[in-house]
Amino acid sequence: MRKEMFNHEINILRETYRRLLRRQAKTNLVKLTRKTHPADLATVFRHFADEEQIEIFTLMNENEHTAEFLSELDDALVNDLLANESLERIAAIIEKAPTNDQSGILNVLDEEKAQLVIELLNTEEQEEIAEIMGYPEDSAGALMNTEVFTLHEEITAGEAIKTLQDQEDAEMVFYLYITDDDDRLVGIISLRDLTTTPSTTTLKDIMIKNVHSIRPETDQEEVARIVAQYNYLAVPVIDPDSHLLGIVTVDDVVDVIREEATEDFLQMAGAGKDREILLKSSWENAKTRLPWLFASWVGGVIAAYLIGVFENMLENIIALAAFIPVILGMGGNIATQSSTIIVRGMATGRVNIGGEIKLILKEMQVGLLLGILYGILLGVFANIIFANAHDYLGIVVGLSICVSMIVAATVGTIIPLILRKLDIDPAVATGPFVTTSIDILGVLFYFLIAGLFLSM
């Protein structure tokens, strides 16, 4: 219901924009844009034609609202909007954004243009952006916000509250970070604890000393796991000397989770890992998916060759050919299910190192149970439909689908585990790779079983 309401509101907003664009009501467009939340504006923006997008963006002011809008927008659309904008306007917009959003927008531009924009910013901002952009793209350092303040451990709660009231630009003041004389992070206090503590109490007496922190080079997936596991609103980023560099906030982590999940789904489907694939041209889209589909092509060729090897068997008992799609389809489905469960389990930390054998055996049992059930159903069906065929046809078909499902569940479980051992992204295990293996093994076992029983 909420989703339907949201879609309804977005549709109304889109039609309102288009009506104002047709009337060239620029004043009303500016007012509507100013009142629309940046996230909603980014959502509705994707529905506009290129000319409409440029016209609306041209009317937007160089302020924090526009900067937040760009940070919510897809990289491809940001690149298109800023392609013909002056360096001065780009600099005026991004100087209103947090440092991590600034680097995110600049990373969309080509290196030369980004450097020219940076040179238009003040020295302090240039140094902060250079630091952020120096970290790997998918690291905590690239995500962190450097606009965070600290409090000394010796000041009182009352003094801390007064200091906090003067920090208008502080990022995420739900947690307060405490430092010692050497400016090292030594503790953390929640805003609730600070406001409910007697004003004369020093911070070192109420702070939590066991601070869960991360390094700037920590992978963003690990950051997301920490935030999800401990329900943090922010995680401090420190250097080797425990100096506070910045914080990664939960809103950025939500974006990471969404991006990583999208990448995993695309890879598991064999469509590459480009999160913005829908915004690419047909040629770029096809080029991305071409190598992934090659594995399916190879598997199909090998499966066709195996069918050709057993051509004489098919000629004698034509009913065998009718069940090849069913056996391969069922095997491919259960293999994809097993792989998806394992890959997701790895992402959420539920698949632990050392428990692989138990996991494989469990999925084999699942394949056996499902295989027996569908084997009986398909075997009975084969005997009824092809009553005049070979006496053992039902047994061959039933046993084949049972074996196929056991093998499929096993392969779908093992491949992601092997890839993790080899330090390769397990998400690439599903899709073409697993289904190709099942196509080959399914055909092979089908005709081996058929050859064994039908020769009797």
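The values are calculated or read from the model by the stated rules, or taken from the named source; none is laboratory data. Since the model is a prediction, treat every value here as computed from it, not as a measurement. Positions of Cβ are backbone-derived with ideal geometry, glycine not excepted, and every protein chain shown enters the neighbour counts.
Considering only region 147-169, I want to know if a residue exists there that is assigned to a loop (DSSP other than H, G, I, E, B), over 27 Å from the mean Cα position of the chain (by Cα), touching a residue at least 40 places away in the same chain (Cβ under 8 Å) and surrounded by fewer than 13 Cβ atoms within 10 Å (Cβ to Cβ).
Among the residues of region 147-169, at least one is assigned to a loop (DSSP other than H, G, I, E, B), over 27 Å from the mean Cα position of the chain (by Cα), touching a residue at least 40 places away in the same chain (Cβ under 8 Å) and surrounded by fewer than 13 Cβ atoms within 10 Å (Cβ to Cβ), which makes the answer yes.
Conditions: (1) surrounded by fewer than 19 Cβ atoms within 10 Å (Cβ to Cβ); (2) out of contact with any strand residue (DSSP E or B) (no Cβ under 7 Å at 6 or more places or on another chain). ALA224 meets all but one. Number of the miss?
Result: ALA224 fails condition (1) only.
Would you tally the residues in region 412-435 being crowded, with 24+ Cβ neighbours inside 10 Å and modelled with pLDDT of 75 or more?
5
How many residues, within region 68-100, are surrounded by fewer than 19 Cβ atoms within 10 Å (Cβ to Cβ) and within 23 Å of the chain's Cα centre (by Cα)?
Looking only at that region, the number is 5.
Could you list, in sequence order, the residues of region 36-67 that are within 21 Å of the chain's Cα centre (by Cα) and either part of a loop (DSSP other than H, G, I, E, B) or surrounded by 15 or more Cβ atoms within 10 Å (Cβ to Cβ) (or both)?
Passing the criteria: ASP40, ALA42, THR43, ARG46.
Going by the structure shown, is GLU259 surrounded by fewer than 18 Cβ atoms within 10 Å (Cβ to Cβ) and part of a helix (DSSP H, G or I)?
Yes; evaluated as a whole, the condition is true for this residue.
Report those helices (runs of 4 or more DSSP H) wholly inside region 75-143 carrying at least 3 residues which are farther than 25 Å from ALA39 by Cβ and of a type in the set (D, E, K, R).
Hits in region 75-143: 111-119, 123-133.
Has region 139-158 got at least one residue that is within 20 Å of VAL248 (Cα to Cα) and charged (D, E, K, R)?
Yes; the residues of region 139-158 include at least one that is within 20 Å of VAL248 (Cα to Cα) and charged (D, E, K, R).
Could you figure out which of (1) under 20 Å from PRO236 (Cβ atoms); (2) in the same structural domain as GLU217 (by TED's automatic domain parsing); (3) of a type outside the set (Gly, Ala, Ser) isn't true of THR156?
THR156 satisfies every listed condition except (1).
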